[in-house]
Structures are given as structure tokens and as C-alpha cells.
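Before any comments, here is the structure.
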Amino acid sequence: MIQIRGVILDVDGTLVDSNDAHAHSWVEAMAEYGYIVAFEKVRPLIGMGGDKVLPVTIHLQKDSETGSQISKRRAEIFKERYLPHVQAFPGTKELLQEMRRRGLKLMIASSAQPDELKSLLQLVGAEDLVEEKTTSKDVKRSKPDPDVMRVTLKRSGLVAYEVLMIGDTAYDIEAARKVHVRTIAFRSGGWKDADLAGALAIYDGPAELLAHYDQSPLAGK
């Protein structure tokens, strides 16, 4: 039995119900700069950062002048229009508390901006439960590139087989796999089981994983 000592957590779509809000924020920000992109095109890209979303949707680089302006505006729209309505998924804080109670080190690996991440963790009530936080500011490339996972794993002081990732997208699974970390996936982000097939186990969300904790990969099962 492999002893799990740490868990790397995604946030958006995993701990908080924010994926639709991020997609709407991108759509509205791009529209303000004359780029009309359907919500249905942006929504499957959530889980990646602006370095991926902008080139795929409107063929702009994030660090270009217009790309930077759109990225900044997206963050403003999310914070002003959507963040006040974002909620944590049922059982999120309780799951984090249980993992800490069992001695696991909790770490965040997110494509979010640092200020967004802080607000989302405050919403969950999880700021004091998480020991390491890696955001888009710490890496050049977002998921599914492994940068954010690699930095988080290095900061953890643990080795890959001692760690599990919990995420909600195929991007989480791919990024984790590239650094040899196994994944538990949640359906809460809106992805189908077939898309999450690379995960060790798939649950509806935090509450279901908590209810089946002792039978889950977290318990070494």
C-alpha cells in the first residue's frame, strides 16, 4: 500500500463552482475589444490560463498588447460581476479539514491569478488549511503543461508517488501525469467521465469523495 502524504488541489471547478463564471468573463472581455466568441467555444477551455485561451479563441498571445488588456479586463469582470455569486461546492471545507486531520499536506496548483485565488480560498474558508499555493504568477505556461504541477511538487518536499492531484478537467490529469502524479477527478467542473478516464477514480465532487474517503485512493485503496 502506498502512503499518501500530500494532495495537490485545483480550485476552479474542483472546490468552487466558478467555471461558467470564468467562461462568461472571457467572452465579455473579448467582446469589449471587438472579438465575438461563443460561450460554447470558451467553456471547454476553462482550466487553462489566458496563455492558452486567447491563442485558441482569437489567435492572440496573452503577452501581446491587446492580449494583456483583454486578460486584465477578464479579471476585472470576474471580480466585479461574478465573484460575489460564486459558491463553494457542498462538502469542500469538510473534505479539506478531513484530509488535514489525517495528516495530509494540502497544496494548490491553479491557473488563477493570486488575488483571485485568495478570494476563492476565503470563500471556501480554506486559507489556513492550505500550506502551498502555486498560481499563474509562478509559471510561464498553464495546464495542461506541467509547469504549475512541477513547481508545486518541488515546493512540497514530497516525491510524486506520495502525492495525489484532485482536479476537474482533462488538463489537470494531463499536467499531473507529466510529473508522474496520479489524479482523482471530480465531475463538478462539467466534464464527462470519458474525458476524465485517466484518473484513478471519479466522484461527483467534494461531498461524494468525503463520504467514500476510506474506500478512495486517498486512503491508499
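The values are calculated or read from the model by the stated rules, or taken from the named source; none is laboratory data. What you see is a predicted model; the values in this text were computed from it and never measured. A quick note on method: Cβ atoms are made from the backbone with ideal geometry, for glycine too, and the neighbour counts reach across all protein chains shown. The area values use the complete protein model at the heavy-atom level, side chains included, leaving out ligands, DNA and RNA. Shrake-Rupley method; radii C 1.70, N 1.55, O 1.52, S 1.80 Å.
Observations on the structure shown:
- Between the amide H of Val16 and those of Phe89, distances stay under 5 Å, these residues lying 5 or more places away or on another chain, with hydrogens modeled in the peptide plane.
- Each principal axis of segment 18-109 carries a Cα extent, and these read 50, 24, 21 Å when sorted largest first.
- HN-Hα J in Hz across segment 112-124 - Karplus 6.51, -1.76, 1.60, θ = phi - 60°, x for Gly and Pro: 6, 6, x, 5, 5, 4, 4, 5, 5, 5, 5, 4, 6
- Each Lys and Arg adds +1 at its Cβ and each Asp and Glu adds -1 at its Cβ; summed about the Cα centre, segment 1-142 shows a dipole of about 360 debye.
- Computed on the Cα atoms alone, the convex hull of segment 82-148 gives a volume of 100 cubic angstrom per residue.
- Reported to the nearest whole Å, the Cα centre-to-centre distance from segment 158-202 to segment 30-83 is 25.
- Restricting attention to the chain, close to 5% of DSSP beta bridges with both partner residues there are antiparallel.
- Estimated vicinal HN-Hα couplings, Hz - segment 33-49 in sequence order (Karplus 6.51, -1.76, 1.60; Gly, Pro = x): 9, x, 9, 9, 10, 5, 3, 5, 7, 7, 3, x, 8, 5, x, 9, x
- Phi to ³J(HN,Hα) by Karplus 6.51 cos²θ - 1.76 cosθ + 1.60 over segment 174-189, Hz, x for Gly, Pro: 5, 4, 5, 4, 5, 10, 6, 9, 7, 10, 9, 10, 10, 7, 4, x
- Taking amide H atoms as placed 1.01 Å from N in the peptide plane, the amide H of Ile108 lies under 5 Å from those of Leu9, Glu132, Lys133, Thr134, each 5 or more residues away in sequence or on another chain.
- Distance cut-off 28 Å, percentage of C-alpha pairs in segment 28-185 lying past it: 23 percent
- The three principal axes of the Cα atoms in segment 92-221 give end-to-end lengths of 36, 31, 29 Å, sorted in falling order.
- Placing dummy labels 7 Å off each Cα toward the beta-carbon, the span from Lys118 to Gln87 is 2.7 nm.
- Listed peptides 136-144, 54-62 by packing density, highest first (mean Cβ within 10 Å): 136-144, 54-62
- Length released on extending from Lys137 to Ile2, taking residue separation times 0.36 nm less the Cα-Cα span: 45.3 nm
- For the chain, the carbon plus sulfur part of the accessible surface works out to 49%, probe radius 1.4 Å.
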